[in-house]
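Remarks on the structure that follows.
The values are calculated or read from the model by the stated rules, or taken from the named source; none is laboratory data. None of these values were measured; they are calculated from a predicted model. Cβ placement follows ideal geometry from the backbone for every residue including glycine, while neighbour counts extend to all protein chains displayed. Protein only, heavy atoms only, side chains kept; ligands, DNA and RNA dropped before computing areas. Shrake-Rupley method; radii C 1.70, N 1.55, O 1.52, S 1.80 Å.
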Amino acid sequence: MDNSSKLILDIYDIAQGSAAAACSGEMLRRFRQDLSFESALIGDLGIFGERLIPTGAHLHNMPAERISARQSTLGEELILVNGTIRTSDPALAASFRQRGKSVATDIARTTDDPNVLAYCRKYETAHSLTWVSNRLVQDRLTVISFWRAQRRQAFLGSAEQIVNQALPHLLQARQINARLNAARLHLHAAVTLLSSPQGRLYFAVEEAIALMQEEWPQWSPPFLPAALLGELRSHPGMEYAGRRLHVRARLEGAVLTLSVTRRSESAHGLTAAERRCAVLAAQGLQYKEIAGRLLVSPSTVRNQLSSVYRKLNVKNKTSLARVLELGEVDG
């Protein structure tokens with residue numbers, strides 16, 4: 001078996017046996033057995049209109065501050081109508097033009113921007129080998145970059161061949177790992193956002209964005225909601241307790257770190273399944289009709305509605321509809 005085939009098999013083995021938090025790191029360590037590099041990143045870019053916001057990242061042998069430093073150095077990155085990207089990052093720009101194929105970049109030969117060159121010197125980046133996925137998964141693109149620090153150690157054709165063969169499998173393996181670990185995720189686990197003190201997002205995991213949009217349905221990145229920033233600035237402990245979520249923040253230098261959790265259900269709060277059932281029942285649908293809509297059995301609907309009536313202290317659909325209309329239900 002050749003090295004590339006062995007690497008691909010090992011990637012799938014890692015996906016099936018790793019916890020979600022460890023998976024990307026273990027994959028990169030396995031890559032390092034066949035591909036020499038000093039640092040690396042596996043990142044997901046969420047697309048919001050024409051803007052790109054990092055929604056997930058695993059950093060290998062690089063400081064977390066590099067994310068915010070990159071944003072402040074390179075500025076805003078936009079997706080253009082033709083599918084290319086407007087960016088000051090020469091490696092990312094070249095990779096977007098050849099999505100699905102690895103692109104080796106000698107940084108000093110591709111830009112004379114003094115800010116970009118200073119940033120690369122600070123984080124010891126002389127050569128980049130970058131790959132951008134050629135398809136969207138849940139409105140996001142995956143970017144994988146490997147970096148070398150020495151100018152004399154360029155990525156050659158053999159490195160590009162390894163990456164081109166293995167990275168599509170790494171993308172698929174990460175999805176497998178996410179599905180395997182989905183059932184283990186805690187409902188009220190904290191999720192993280194990073195922003196500037198003025199509220200410009202540097203990094204936001206998808207779960208955090210979803211929670212924020214439950215609290216503020218009209219909100220969209222790249223800036224934090226004004227109401228949230230106002231509350232954090234006025235609260236001595238930099239906390240926000242909303243209808244759907246709770247936020248704790250801390251300012252470390254020029255980076256605002258926010259820990260976001262879903263608020264626990266109140267004593268009479270409904271589960272998501274109970275609320276869906278309750279809404280349809282309040283509209284006058286019968287058990288069989290609700291079951292057909294929700295793809296569950298009539299007995300499941302009966303049990304869920306029994307729980308709903310008990311939690312809300314109502315006895316019929318008329319009372320249920322009144323409670324839902326008044327917005328007295330958490331869930």
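Please enumerate the residues belonging to the range 79-109 that are of a type outside the set (A, V, I, L, M) and closer than 13 Å to ARG151 by Cα. Working first, answer last.
The first filter runs over the range 79-109 and keeps only residues of a type outside the set (A, V, I, L, M), leaving 82-84, 86-90, 95-102, 105-106, 109.
Result: THR105, ASP106, ARG109.
Would you confirm, using the coordinates I've provided, whether ALA20 is under 19 Å from HIS169 (Cα atoms), within 21 Å of the chain's Cα centre (by Cα) and open to solvent by 40 Å² or more (accessible area, probe 1.4 Å)? Spell out how you get there, then give the answer.
On the way: under 19 Å from HIS169 (Cα atoms): yes; within 21 Å of the chain's Cα centre (by Cα): yes; open to solvent by 40 Å² or more (accessible area, probe 1.4 Å): yes.
Taking the combined requirement at face value, the residue satisfies it.
So which of GLN150, GLN161 ends up being in contact with a helix residue (DSSP H, G or I) (Cβ under 9 Å, 6 or more places away or on another chain), under 22 Å from GLU38 (Cα atoms) and either open to solvent by 80 Å² or more (accessible area, probe 1.4 Å) or not aliphatic (A, V, I, L, M) (or both)? If you could, list the steps in order and put the result at the bottom.
Values: GLN150 fails: in contact with a helix residue (DSSP H, G or I) (Cβ under 9 Å, 6 or more places away or on another chain).
Testing whether each residue is in contact with a helix residue (DSSP H, G or I) (Cβ under 9 Å, 6 or more places away or on another chain), under 22 Å from GLU38 (Cα atoms) and either open to solvent by 80 Å² or more (accessible area, probe 1.4 Å) or not aliphatic (A, V, I, L, M) (or both) leaves just GLN161.
Please identify the pairs in which a residue from the range 75-103 that is in contact (Cβ under 8 Å) with a residue 40 or more places away in the chain and open to solvent by less than 30 Å² (accessible area, probe 1.4 Å) has its Cβ atom under 6 Å from the Cβ atom of a residue that is of a type in the set (Gly, Ala, Ser) and in a strand (DSSP E or B), counting only partners at least 6 apart or on another chain.
Cβ pairs passing all conditions: ALA91/SER128.
Could you pull out every one of the helices (runs of 4 or more DSSP H) wholly within the range 149-258 that has 2 or more residues that are more than 30 Å from ASP13 (Cα to Cα)? Spell out the reasoning first.
On the way: elements: 157-182, 206-215, 226-234.
Because the criterion is at least 2 residues that are more than 30 Å from ASP13 (Cα to Cα), the helices (runs of 4 or more DSSP H) in the range 149-258 that meet it are 206-215, 226-234.
Being touching a residue at least 60 places away in the same chain (Cβ under 8 Å), surrounded by fewer than 20 Cβ atoms within 10 Å (Cβ to Cβ), aliphatic (A, V, I, L, M) and under 27 Å from PHE223 (Cα atoms), is that true of even one residue in the range 39-56?
So far as the range 39-56 goes, yes, one or more of its residues are touching a residue at least 60 places away in the same chain (Cβ under 8 Å), surrounded by fewer than 20 Cβ atoms within 10 Å (Cβ to Cβ), aliphatic (A, V, I, L, M) and under 27 Å from PHE223 (Cα atoms).
With the structure loaded, tell me whether THR261 is hydroxyl-bearing (Ser, Thr, Tyr), open to solvent by 20 Å² or more (accessible area, probe 1.4 Å), in contact (Cβ under 8 Å) with a residue 60 or more places away in the chain and farther than 27 Å from ARG322 by Cβ or whether it fails that test. Give the steps one after another, and end with the answer.
On the way: hydroxyl-bearing (Ser, Thr, Tyr): yes; open to solvent by 20 Å² or more (accessible area, probe 1.4 Å): yes; in contact (Cβ under 8 Å) with a residue 60 or more places away in the chain: yes; farther than 27 Å from ARG322 by Cβ: yes.
Yes: the conditions hold for THR261.
Got at least one residue in the range 114-121 being within 17 Å of PHE37 (Cα to Cα), at pLDDT 90 or above and assigned to a helix (DSSP H, G or I)?
Of the range 114-121, the ones within 17 Å of PHE37 (Cα to Cα) are 120-121.
Restricting the remaining residues to those that are at pLDDT 90 or above gives 120-121.
Then drop every residue that is not assigned to a helix (DSSP H, G or I), which leaves 120-121.
Within the range 114-121 (the criterion being within 17 Å of PHE37 (Cα to Cα), at pLDDT 90 or above and assigned to a helix (DSSP H, G or I)), the answer is yes, since at least one residue qualifies.
Report yes if some residue within the range 322-329 is at pLDDT below 85, open to solvent by 70 Å² or more (accessible area, probe 1.4 Å) and under 33 Å from the mean Cα position of the chain (by Cα); otherwise report no. Don't jump to the end; show me each part of the working.
Applying the first criterion (at pLDDT below 85) to the range 322-329 yields 322-329.
Keeping just the survivors that are open to solvent by 70 Å² or more (accessible area, probe 1.4 Å) gives 322, 325-326, 328.
Those left that are additionally under 33 Å from the mean Cα position of the chain (by Cα): 328.
Scanning the range 322-329, I find at least one residue that is at pLDDT below 85, open to solvent by 70 Å² or more (accessible area, probe 1.4 Å) and under 33 Å from the mean Cα position of the chain (by Cα), so the answer is yes.
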